[in-house]
Amino acid sequence: MLLIYGRKKAKIKTHYDNTGRCTTCSAHDLKFEVYREYFHIFWIPFFPLGSKDTIVTCTKCGHGNNSSDRLDNYQATTNTPIYLFSGLLLVACLIIWITINTQNVSKQKSAFVASPQVGDIYCMRSEENSSMYYYLRVARMNSDSIFLYPNTYEYSRPVSTLDKKDHFISFELYLSLIHI
């Protein structure tokens, strides 16, 4: 699998300042562009790296300036945008979704086992050989017992659909329901 990752810089804010003076043309129009380096995977930003960088240019003549008194102020007041944490947020959402989905599936299975209906099919693991599975179909029920039909084939893993050759035989097994 090809994994594309690395570092990139993003412009996070542009400030225009009319109080500072250009060292080349003495104009009062400076542009402060604040950048932040970030780590990315497949061009999705995961988290910022290092400190902020600022480039100061004159809007009249285009020359770079080094006005450190204003530069530190603009770097300090510029917050890192939330989109630079997009990858971490996506991973967190994925973990939350998987957790919720797992809990829902567990609740559904518990509800299925707690209230059997005629025609339901249950997958059972063999006690003698834990790598073998077989299926039971609910044939009928009364107030204190469940009557089950076994199928004629053992599987090496749970399956979602049974083969047509795996018919359930009419030999009834029963399971007693004991209420405590």
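The values are calculated or read from the model by the stated rules, or taken from the named source; none is laboratory data. Just so it is clear, the model here is predicted, and its values are computed rather than measured. Cβ atoms come from the backbone with ideal geometry, glycine included; neighbour counts cover every protein chain shown. SASA here: full protein model, heavy atoms, side chains in, ligands and nucleic acids out. Shrake-Rupley method; radii C 1.70, N 1.55, O 1.52, S 1.80 Å.
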Got at least one residue in region 45-60 being touching a Pro at 6+ places or on another chain (Cβ under 6 Å) and at pLDDT 90 or above? no
Checked region 67-86 for anything open to solvent by less than 30 Å² (accessible area, probe 1.4 Å) and touching a Pro at 6+ places or on another chain (Cβ under 6 Å); matches are LEU84
Among all residue pairs at least 6 apart or on different chains, which show Cβ distances below 6 Å where the first residue, located in region 20-36, is farther than 28 Å from LEU49 by Cβ and among the polar types (S, T, N, Q) and the second is at pLDDT 85 or above and surrounded by fewer than 18 Cβ atoms within 10 Å (Cβ to Cβ)? THR24/CYS61
Name the one entry in SER86, SER110, SER106 that is closer than 20 Å to LYS8 by Cα, among the hydroxyl-bearing types (Ser, Thr, Tyr) and within 38 Å of the chain's Cα centre (by Cα). SER86
Here the qualifying pairs (Cβ atoms under 9 Å; residues six or more apart or on different chains; first in region 113-136 and closer than 17 Å to TYR174 by Cα; second part of a helix (DSSP H, G or I)) come out as ASP120/PHE112; TYR122/PHE112; TYR122/VAL113
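When you scan region 1-31, how many residues do you find that are in a loop (DSSP other than H, G, I, E, B) and either modelled with pLDDT of 90 or more or open to solvent by 30 Å² or more (accessible area, probe 1.4 Å) (or both)?
13
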Note on region 32-83: residues part of a loop (DSSP other than H, G, I, E, B) and either of a type in the set (Gly, Ala, Ser) or under 14 Å from LYS13 (Cα atoms) (or both) are GLY62, SER67, THR78, ASN79, THR80, PRO81
Could you say whether any residue in region 111-126 is outside any loop (DSSP other than H, G, I, E, B) and touching a Ser or Thr at 6+ places or on another chain (Cβ under 6 Å)? no
